[in-house]
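Take a look at the structure below.
The values are calculated or read from the model by the stated rules, or taken from the named source; none is laboratory data. Keep in mind that what you see is a predicted model, and the values were worked out from it rather than measured. Don't worry about glycine lacking a Cβ; one is built from the backbone with ideal geometry, like all the others, and counts go over all protein chains shown. Heads up: the accessible areas ignore ligands, DNA and RNA and are worked out on the full protein's heavy atoms, side chains in. Shrake-Rupley method; radii C 1.70, N 1.55, O 1.52, S 1.80 Å.
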Amino acid sequence: MSVVPFSPRGRLRTPGDLADALGIAFSDEQLAAVTAPLEPGVIIAGAGSGKTTVMAARVVWLVGSGAVRPDQVLGLTFTRKAAAELAHRIRTALVRAQVLSADGVDDDGEQVVMTYDSFAARLVSEHGLWLGYEGDPRMITGASRFRLAARVVATAAGPFEHLSRLRPATVTERLLALDGQLQSHLVDDDALDEQARAHLLELAGAPRNNRGNVYVSVRAATAVARERLELASLVRAYQGLKRELGYVEFADQMAAAARLAREVPGVGEALRRQFAVVLLDEYQDTSSAQAVLLQHLFSGPDVARGRGHAVTAVGDPFQAIYGWRGAAASNILQFPGDFPRADGSPAARMSLTVNRRSGPRILEVANTLAAPLRSDPTLAYDLSDAVLRPPEGAPPGLVLAGTFESWPDEVAWVADRIAEAGPTGQAWSQIACLLRRNGDIGPLYAALAARDVPVEIVGLGGLLSVPEVADVVAVLRLLDDVTENPSLVRLLTGPRWRIGPGDLELLGRRARELARARGEDAGTADDPLTAALDAAVADVDPSELVSLTEALSDPGDGPYSPQARERFAAAAAELEQLRRHSAEPVLDLVRRVVATLGLDVELAAAATTDEPLAQLGAFVDAVAAYVDVDADASLTGLLAYLRAE
């Protein structure tokens, strides 16, 4: 491989030179962002405004004008895919501008582009010994987190006054949510404990009268605070188990890296010497821990300790999507004050408002919907000018809106529009459907499949709404909890058993009789089935619940139809057979359920495409990922994970 010298400094002298070198007709806004001075700045990049192009072009400008070397550039983004794309775009732009050789290795190296999480992990790996972080921990994500948390919940000694009213799966979800929030906001469990106890003292002094909802609210707040204290003890146990097993999560690594940046100034000094330019992608989705990390590394109290370092954040507060995992869109709004110039003045703010993806009609609708966001009085600075606009000569675009008498009508209409697009030459892979809830995905998926449209569900949450997958999960829930009445109702009323409402009501009456025979209070609802289902979803002791599964095995002498009696017996025998295998490894159990339900055979025989099989296979793969960490994966933990998804 040949080695070529660094391109002569000063090759790019004007913005026109850059535009000619890259062959891109930059807008004035883009050129202003690309050629901004080597100082802190934030770019509010509206949807479709070419932010990745601008970041790549800024690197070309700084390298081609001689301001920095390629290896002095650090780019951070959220996903490995985005990091790979940004690195590729930068490298391609440098080559296209003839700043780097296409077939050689430059003397001055390559830019460094990585994810925020990878960057934090590298800092801890290289500098963690300063604060006692050592070893080579194993990273766990999604499914593995739920498995470990479920183990903590299952083995917790207690006693728990407030958590005991919740199902173990619910406790697992709340444990992980609290742990993630603590790590993302850099709050330790001792501080949480202190705050919760102080809050309880304040609540104890609150008025104890029944005017309005005051007393009810105080009582509810007290219960929440006490529940949080109990959860905090589980968080401590969960963190201890991870340390014992040598596991860490991304949030743990980020919190450790933030502590390093804050307590060991030498880490920031070394990084500022190494990287003269820092690009922060999707900054609106950074968490408090990430913001603290970056501020302490690249924005100190004076010039000697980082103030004025050339950090450019790119993002859009209106496109923040990770608030549920601790992200704070306010980070990008506060950037000018958090990363001031060398003289202490706020960093420059630039905007990209030319949307190159959509026509004027689409943007008009988007701007109308986003108007309340731009005029929000709580924003750190005025964003009323952040209105998306099309480039000159853009085609108008098409916006369709409809009102329908029912949800099935809406699904059919959307599916018909998509099915009609295929014969016109529109690639299926260029069509996306966005829905508000995962629960809505199943009906639309079925409608598209019925029209022979190849369709893929992205994400486990949507996958769980596919009927075939939902049936498997329903069986798993029944194996884990015999009082999981909604799951049994789903199976009995589905296409396999086809139990009618009359026979189902009789089964509910039988379940109530059996509960009374045990001397248990099964509720007061007039409709026995409704009472059973209401009790099933209540956060009470499962021993107090009516069990339709029990009635299925002992339906009594009710006037059922002959077909229902036969199907009840077959369904009960099938569940009993599966329950005998409930202790086997989770992945084996899932495969056994799939085979028992006959889904693999039926889908292969009935489907005109392999899409349903692909969705079922994707679910099995997700379960395999869940049990991949060690051999202690539990069915209860898996169901908690699926419920959270």
- [ ] Could you grab me the full set of residues in region 326-343 that are of a type in the set (A, V, I, L, M), part of a loop (DSSP other than H, G, I, E, B) and within 14 Å of Leu383 (Cα to Cα)?
- [x] Ala329
TODO: Answer with yes or no whether Ala313 is in contact with a Ser or Thr (Cβ under 9 Å, 6 or more places away or on another chain), in a helix (DSSP H, G or I) and touching a residue at least 60 places away in the same chain (Cβ under 8 Å).
DONE: no
Task: Cβ-Cβ under 7 Å pairs, at least 6 apart or on other chains, region 574-594 side within 18 Å of Leu488 (Cβ to Cβ), far side open to solvent by 70 Å² or more (accessible area, probe 1.4 Å) - done: Leu578/Arg592
Open item on the list: Cβ-Cβ distance below 9 Å, separation of 6 or more or different chains: which pairs start in region 162-175 with a residue that is under 15 Å from Leu229 (Cβ atoms) and among the β-branched types (Val, Ile, Thr) and end on one that is open to solvent by 50 Å² or more (accessible area, probe 1.4 Å) and part of a loop (DSSP other than H, G, I, E, B)?
Closed with: Val171/Phe160
Task: Elements of type helices (runs of 4 or more DSSP H) in region 458-501, at least 2 residues being free of Cβ contacts under 8 Å to residues at least 24 places away in the same chain and under 30 Å from the mean Cα position of the chain (by Cα) - done: 485-493
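Rundown of residues vs (1) within 24 Å of Asp409 (Cβ to Cβ); (2) surrounded by 12 or more Cβ atoms within 10 Å (Cβ to Cβ); (3) modelled with pLDDT under 80; (4) touching an Asp or Glu at 6+ places or on another chain (Cβ under 9 Å), yes/no style:
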site	(1), (2), (3), (4)
Cys433	yes, yes, no, no
Asp440	yes, yes, no, no
Val455	yes, yes, no, yes
Val458	no, no, yes, no
TODO: Please tell me if Glu244 is over 26 Å from Leu129 (Cα atoms), open to solvent by 10 Å² or more (accessible area, probe 1.4 Å) and among the acidic types (Asp, Glu).
DONE: no
TODO: Could you please find all residues in region 554-573 being under 12 Å from Leu506 (Cβ atoms), in a helix (DSSP H, G or I) and without any contact (Cβ under 8 Å) to a residue 12 or more places away in the chain?
DONE: Arg565
Open item on the list: If a residue must be assigned to a helix (DSSP H, G or I) and open to solvent by less than 20 Å² (accessible area, probe 1.4 Å), how many such residues does region 256-275 contain?
Closed with: 8
Task: Residue list for region 559-609, restricted to those being at pLDDT 90 or above, open to solvent by less than 50 Å² (accessible area, probe 1.4 Å) and among the aliphatic types (A, V, I, L, M) - done: Ala564, Ala570, Ala571, Ala572, Leu575, Leu578, Leu589, Val590, Val593, Val594, Leu597
- [ ] Taking Gly246 as meeting all but one of (1) at pLDDT below 90; (2) out of contact with any strand residue (DSSP E or B) (no Cβ under 7 Å at 6 or more places or on another chain), write down the number of the exception.
- [x] (2)
- [ ] Look through region 541-553, keep the residues that are surrounded by 13 or more Cβ atoms within 10 Å (Cβ to Cβ) and in a loop (DSSP other than H, G, I, E, B), and return whichever of them is modelled with the highest pLDDT.
- [x] Ser547
TODO: Taking the options Leu86, Leu62, name whichever one is under 13 Å from Val277 (Cα atoms), buried (at least 20 other Cβ atoms within 10 Å of the Cβ), of a type outside the set (Val, Ile, Thr) and touching a strand residue (DSSP E or B) at 6+ places or on another chain (Cβ under 8 Å).
DONE: Leu62
TODO: Find all pairs meeting these conditions: Cβ atoms under 6 angstrom apart; at least six residues apart or on different chains; first residue within region 285-308 and farther than 22 Å from Val187 by Cβ; second residue of a type in the set (S, T, N, Q) and surrounded by 18 or more Cβ atoms within 10 Å (Cβ to Cβ).
DONE: Gly306/Ser299
TODO: Would you please name the residue that is modelled with the lowest pLDDT, looking only at residues in region 351-376 that are surrounded by fewer than 16 Cβ atoms within 10 Å (Cβ to Cβ), closer than 25 Å to Gly41 by Cβ and not polar (S, T, N, Q)?
DONE: Asp376
Open item on the list: Going by what's in this entry, would Ala421 be described as out of contact with any helix residue (DSSP H, G or I) (no Cβ under 6 Å at 6 or more places or on another chain), over 30 Å from Phe26 (Cα atoms) and among the hydrophobic types (A, V, I, L, M, F, W, C)?
Closed with: yes
Open item on the list: Please verify whether Val68 is open to solvent by less than 40 Å² (accessible area, probe 1.4 Å), of a type in the set (Val, Ile, Thr) and not in a loop (DSSP other than H, G, I, E, B), treating the condition exactly as stated.
Closed with: no
Open item on the list: Looking at region 250-282 only, could you name the residues that are under 21 Å from the mean Cα position of the chain (by Cα) and modelled with pLDDT of 90 or more?
Closed with: Asp252, Gln253, Met254, Ala255, Leu280, Asp281, Glu282
Open item on the list: Against the condition over 30 Å from Ile43 (Cβ atoms) and open to solvent by 70 Å² or more (accessible area, probe 1.4 Å), how does Arg477 come out, does it pass?
Closed with: no
TODO: Scan region 115-136 and give yes if some residue there is outside any helix (DSSP H, G or I), at pLDDT 90 or above and surrounded by fewer than 23 Cβ atoms within 10 Å (Cβ to Cβ), otherwise no.
DONE: yes
- [ ] Answer with yes or no whether Ala154 is in a helix (DSSP H, G or I), surrounded by fewer than 19 Cβ atoms within 10 Å (Cβ to Cβ) and free of Cβ contacts under 8 Å to residues at least 12 places away in the same chain.
- [x] no
- [ ] Give the residues of region 279-312 that are among the β-branched types (Val, Ile, Thr) and surrounded by fewer than 24 Cβ atoms within 10 Å (Cβ to Cβ), sorted by residue number.
- [x] Val292, Val303
Task: Tally, over region 323-350, of residues that are open to solvent by less than 60 Å² (accessible area, probe 1.4 Å), under 27 Å from the mean Cα position of the chain (by Cα) and hydrophobic (A, V, I, L, M, F, W, C) - done: 6
Task: Among (1) among the aliphatic types (A, V, I, L, M); (2) at pLDDT 90 or above; (3) within 27 Å of the chain's Cα centre (by Cα), the one test that Ala446 misses - done: (2)
